[in-house]
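Asker: Just passing along the structure, written as structure tokens.
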Amino acid sequence: VTVCKSANGSSCDTSGTGWLQGWIAFVDADSDATVDTGETILLVHGAVQGGYNISGNTNVDSYISFIATGQSQLTSGAFQLGTVTTCKAPNARALILNSVGRVRVNKTTCT
């Protein structure tokens, strides 16, 4: 399963306003982080409103993928590690993804 940022709710974006534009979760049968013909979209979340900022660092800037074992994985096959930060001043949370696909939440500050 892959979660990627998406402005239109049907395809993944690698540019744009980051995760604020919305996202989709889909069955990524070929593990390419792209919605292809025949792949099922499981969830669509529209644009985020209300003064929030949501951003991911390098490995989770555009997508997060999980393989059948629950591990996170880049399209290259390498571990996918990264942090997605949500911020609505003055509160922020860092969602930290480790190599086995586990996410922990830390309090942080808005930058």
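The values are calculated or read from the model by the stated rules, or taken from the named source; none is laboratory data. The model shown is predicted, which means the values in this text are computed figures rather than measured ones. With ideal geometry, Cβ positions are generated from the backbone for all residues, glycine too; neighbour counts draw on all protein chains shown. Protein only, heavy atoms only, side chains kept; ligands, DNA and RNA dropped before computing areas. Shrake-Rupley method; radii C 1.70, N 1.55, O 1.52, S 1.80 Å.
Asker: Given a 1.4 angstrom probe, I'd like the percentage of the accessible area of segment 1-110 that is carbon and sulfur, rounded to a whole number.
Answerer: On the way: 3370 of 6190 Å².
Carbon and sulfur: 55 percent of the exposed surface of segment 1-110.
Asker: Over segment 9-67, what per residue volume does the convex hull of the Cα atoms give, in whole Å³?
Answerer: Numbers: hull volume 5.0 nm³, N = 59.
Roughly 84 Å³ of hull volume per residue.
Asker: Let's test this: bin the Cα-Cα distances of segment 61-111 at 5 Å from zero up to the farthest pair and state each bin's percent.
Answerer: 5, 22, 26, 19, 13, 10, 5, 1
Asker: Could I ask something else about it? Using a probe radius of 1.4 Å on heavy atoms only, what accessible surface per residue do you get for segment 5-111? Whole Å² is fine. Each step should come with its number before you reach the end.
Answerer: Working: 6240 Å² over 107 residues.
Dividing the accessible area of segment 5-111 by its residue count gives 58 Å².
Asker: Set the Förster distance to 30 Å, then compute FRET efficiency between residue 88 and residue 61 from the Cβ-Cβ distance, nearest 0.05.
Answerer: Given R0 = 30 Å and the Cβ-Cβ separation, E is 0.90.
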